[in-house]
Every structure is written in structure tokens, then in C-alpha cells.
Amino acid sequence: MNKTVLNRFMQLPQPENQIQAMYVWIDGTGENLRAKTRTLEFVPNNVSDLPSWNYDGSSTYQSEGSNSDTFLYPVAMYRDPFRLGNNKLVLCDTYKYNKKPTGTNHRHSCLEAMKAAESQKPWFGIEQEYTLLDMEGRPFGWPKNGYPGPQGPYYCGVGANKVYARDIVEAHYRACLYAGIKISGTNAEVMPAQWEFQIGPCEGIHIADQIWMARFLLHRVAEEFGVVVTLDPKPMQGDWNGAGAHCNFSTKAMREENGIIEIEKAIDKLSKQHLRHIQAYDPHEGKDNERRLTGRHETSSIHDFSAGVANRGASVRIPRSCAEEKKGYLEDRRPASNCDPYAVTEALIRTICLDE
Ligand code: ADP
Ligand code: MN
Ligand code: MN
Ligand code: MN
């Protein structure tokens, strides 16, 4: 498609009181996003100004054809970095014909947990790793018949033989900033064509809302470049790193003087709930993470819980600086790149803050 022609139309003046709102939601895979657009005859200031809507759930693996109306409830609103102006992106959660949450709506119960733990002021920061693929499904920039040189020079690399498709990373970073997402950084990863962005710290439910919208922006930006984003936690077998979504976590008590005691208490609770967390950390109850959490390539074994200061081979790591300052946060390295951050953060809150 010719973007110069498209730009002629995107520059047409837009009527002042007609804005485009693109509603975005998680489909029945629990992993992929869907979106559709409507015109609103006013400029919304707040997510509560936005009408609820519906869609055909039988086309998104979310209902039977005979009872297919599925509801969209707006939960967060962002500026639209593609259509600009007053146009909006609207993150929604989804409800069945009987107004019960759909099977992949993990936001509903996550929000309940976040409300119950609100007084502990839980903060999260998620490191979203991902891999870029060409239209043949091969990691972007990899030789057609063969492999790039072994891992080593690529992490945080610079140069045309070290990193591939930086344009997508740059475009996505600016799109997030424009939209109002709290993106805190990016870096090239250990496997070539693999990258990371970080969101946070954000309190409570906002971290997962922002990760989902940042994922949407990533898929949408890559689409412009004719490149595909995969969140598969182990896209290439062999001596290639997998992709995770490390979840950094703290409560108010952990951030205060001698918070390290609270961090250690939390790690003790986590050690007793390893299975609950593994089941919550990918959309297939641990099946996807089995390929990634091998104990090699900077991961821990899926079968055991471990923790340590500055240890990237542990389930949970205490950053060196936090051990030195005796306060700060912990890093749960187990979540897979394709995890649902609502399920991940809910599990952390229930285990650490609610003692469930
Ligand atoms: P790594 O060294 O593991 O690669 P990164 O710099 O990629 O770490 O990511 C660190 C993440 O931790 C960021 O998302 C940041 O927002 C988050 N973070 C920093 N401080 C806190 C805190 N007190 N509580 C929770 N998350 C935090
Ligand atoms: Mn990181
Ligand atoms: Mn990383
Ligand atoms: Mn990390």
C-alpha cells in the first residue's frame, strides 16, 4: 500500500464534533487483540463518557453463533497516535450475553484483588519482550537459509549486523508516549530480532491496562512496516533465548526503610505458591512456559522455585541495588511474554498482599 496516497486522505480536515474511537479488546485466545471503530458526535474527556458497545463473539472464539452478542465496556482511554487530533483508542473488557465476564476477561477478578489490596499501594513494572517475524514467519533479518552468528553481540547492540528493525522500536516508543502510556524504556535483546520495552512503575490495575494497549500499538506499528510481532515465549528452538515478561513488584512497605524484610516475606509466600503462579503466567497454564523455563538461557526451571540477589537464573531476583539499599522491589522472572498481565498481577496480589 502506498502511504503517500493514504496521507492525502489522513490530512483532510475532520469535522470538529465527530471523532473516531477505536475500541480494542482481548479475544477468546486470551493472547490476541481485536479492534473496531465508531464515530462519536462529541469529544470524550473521560473514559466514563464513552458508551458501551458490542460485537460478534462467535467470530472471536468467545461465543456460539446462536447467542453471539458480546459486550464491550470501556475501561481506559488513550490518544490515538495513528489518527491524531481528538481521536481515541479505547481499551475494553468483555462480557457475555448474560453480562458475566467472558472466559478470557481476567481483568474483572484482577480489579477486585487490586481494590482489596489498595491500601498497600502495590506498584508494578513489566518488561515486555517480543520477537519480530517476516511474512514467512522467520525472525526478521535472519538469513533465508541459515542462522545468524551465535548469541553474544546482539543484546543492547548497535549496527546493521547487530540489530534488526530498530525503526519499529523507535516508532512504537513515540506512539506510546503520545498515547499517554507510561513506557519507561526499550532495549535490544539477546536473540537477534528480539526486543523489549518496559512499562511502569504503575499502581494497581493500570499496569495491565497499559501493557495491553502498548501491545496493541506494537502490533499496529509493525503492521505499517509489513512485519509481524510474536509473543511466543520460545520462538526458536536451540541456543536462542526465549521471551518473557518479567514482573517487577513492590508495596509501600517494601519501598520504605528496611523494606527488604517485607521483600523476603513476599519471597517466602511465593515459594509456597509456585504452581499457582506457573499456571497464571501463560495463557495455557504453564504449557507455553515449559518450552522457555528450562533452567538455561537466563531462566529458572519451571519445576522449582528459587530466589537470589542479582541472579538471572532464579525464579525471583532481588536487584543488587535493592539488596544494598535494603529496600525497593523484587523481580518475578517467570511470566511468559504472552502472559495475560491481569492474571500475573492478580496472582502476585493474592499471594503477597491478601495471603490467599
Ligand atoms: P532488568 O534489569 O531486569 O532488565 P529493566 O530496567 O528492564 O530491568 O526493568 C525494570 C522495571 O522495574 C521497570 O519496568 C521499572 O518501571 C520497574 N520498577 C522500578 N522500580 C520499581 C518498584 N519500586 N516497584 C515496581 N516496579 C519497579
Ligand atoms: Mn529488562
Ligand atoms: Mn530482557
Ligand atoms: Mn528483567
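What's the total number of residues in the range 169-200 that are buried (at least 20 other Cβ atoms within 10 Å of the Cβ) and away from ligand 1 (no atom under 16 Å from the Cβ)? Number of matching residues: 4. Listed conditions (1) in a helix (DSSP H, G or I); (2) surrounded by 23 or more Cβ atoms within 10 Å (Cβ to Cβ); (3) within 16 Å of ligand 1 (Cβ to nearest atom) are all met by Tyr342, apart from (3). Sub-7 Å Cβ pairs linking a first residue in the range 133-151 that is among the small types (Gly, Ala, Ser) to a second residue that is part of a loop (DSSP other than H, G, I, E, B), at least 6 apart or interchain, are Gly141/Tyr164; Gly141/Ala165; Gly141/Pro192; Gly141/Ala193, ordered by first then second residue. Of the residues Tyr130, Tyr154, only one is among the hydroxyl-bearing types (Ser, Thr, Tyr) and either open to solvent by 40 Å² or more (accessible area, probe 1.4 Å) or within 18 Å of the chain's Cα centre (by Cα) (or both); which? Within the list Tyr130, Tyr154, the selection yields Tyr130. So which residues in the range 157-168 are more than 16 Å from ligand 2 (Cβ to nearest atom) and either crowded, with 20+ Cβ neighbours inside 10 Å or closer than 21 Å to Glu223 by Cα (or both), if there are any at all? Matches in the range 157-168: Tyr164, Ala165, Arg166, Asp167, Ile168.
Does Gly242 satisfy the criteria of being out of contact with any Asp or Glu (no Cβ under 6 Å at 6 or more places or on another chain) and within 16 Å of ligand 3 (Cβ to nearest atom)? Criteria met by Gly242. Of all residues in the range 92-127, exactly one satisfies the criterion of being within 16 Å of ligand 1 (Cβ to nearest atom), open to solvent by less than 50 Å² (accessible area, probe 1.4 Å) and aromatic (Phe, Trp, Tyr), namely Phe124. Residues in the range 246-259 that are closer than 13 Å to Glu331 by Cα and either more than 24 Å from the chain's Cα centre (by Cα) or outside any strand (DSSP E or B) (or both): His246, Thr251, Met254.
The single condition among (1) outside any helix (DSSP H, G or I); (2) within 16 Å of the chain's Cα centre (by Cα); (3) away from ligand 2 (no atom under 16 Å from the Cβ) that Ile199 does not meet is (3).
The values are calculated or read from the model by the stated rules, or taken from the named source; none is laboratory data. All values reported here derive from a predicted model rather than from experimental measurement. Cβ: placed from backbone, ideal geometry, glycine included. Neighbour counts: every protein chain shown. Ligands, DNA and RNA are stripped out before the accessible areas are found, and what is left, the full protein with its side chains, is counted by its heavy atoms. Shrake-Rupley method; radii C 1.70, N 1.55, O 1.52, S 1.80 Å.
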